[in-house]
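The values are calculated or read from the model by the stated rules, or taken from the named source; none is laboratory data. Keep in mind that what you see is a predicted model, and the values were worked out from it rather than measured. Note that each Cβ is placed from the backbone with ideal geometry, even for glycine, and that neighbours are counted across all protein chains shown.
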């Protein structure tokens, strides 16, 4: 593993932890040259699944794109990187166990919204606004009203 700071290939593992789902290994490393610490994540790479988009086109599943969308929804919220990593790993695991070659983008979006709803209401609404293409304040109001009318919806959990 190359150090992201000095680019040397000489480090030692200080701590190793497995995620709750068992599909991601987090390693805390220290560079033996510059002594800076950094974290790496290891995950199982399964067969490449293709995503069927709304327009019918098919693209390879892109974990980084999913992560970027979730991180933007969680921006400036009290949600740790580990919680985001766990959410993405859970969605990815659900995709890999439920589908062999293709999955609809709608399924991925709904999975993310389910997990975000349990994690943080604001992050849920942020993600939903992009995923469902909110165009004005009325769209937000409709979603908030739906959340109020359905207290069993995960995003309505009290903190």
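Of the candidates 127, 140, the single residue that is crowded, with 18+ Cβ neighbours inside 10 Å, farther than 17 Å from residue 23 by Cβ and touching a helix residue (DSSP H, G or I) at 6+ places or on another chain (Cβ under 7 Å) is 127.
Within region 97-111, residues that are in the same structural domain as residue 57 (by TED's automatic domain parsing) reach partners that are exposed (fewer than 13 other Cβ atoms within 10 Å of the Cβ) and part of a loop (DSSP other than H, G, I, E, B) with beta carbons closer than 7 Å, at six or more positions or on different chains, in the pairs 105/53; 105/54.
For residue 19, the criteria (1) under 25 Å from residue 125 (Cβ atoms); (2) surrounded by 14 or more Cβ atoms within 10 Å (Cβ to Cβ); (3) touching a residue at least 40 places away in the same chain (Cβ under 8 Å) hold in every case but one, which is (1). The lone criterion from (1) assigned by TED's automatic domain parsing to the domain that holds residue 129; (2) over 28 Å from residue 119 (Cα atoms) left unmet by residue 1 is number (1). In this entry, residue 54 is excluded by the filter for residues that are in contact with a strand residue (DSSP E or B) (Cβ under 7 Å, 6 or more places away or on another chain) and surrounded by fewer than 16 Cβ atoms within 10 Å (Cβ to Cβ). Considering only residues in region 119-140 that are under 13 Å from residue 87 (Cα atoms) and part of a helix (DSSP H, G or I), the one that is modelled with the lowest pLDDT turns out to be 124.
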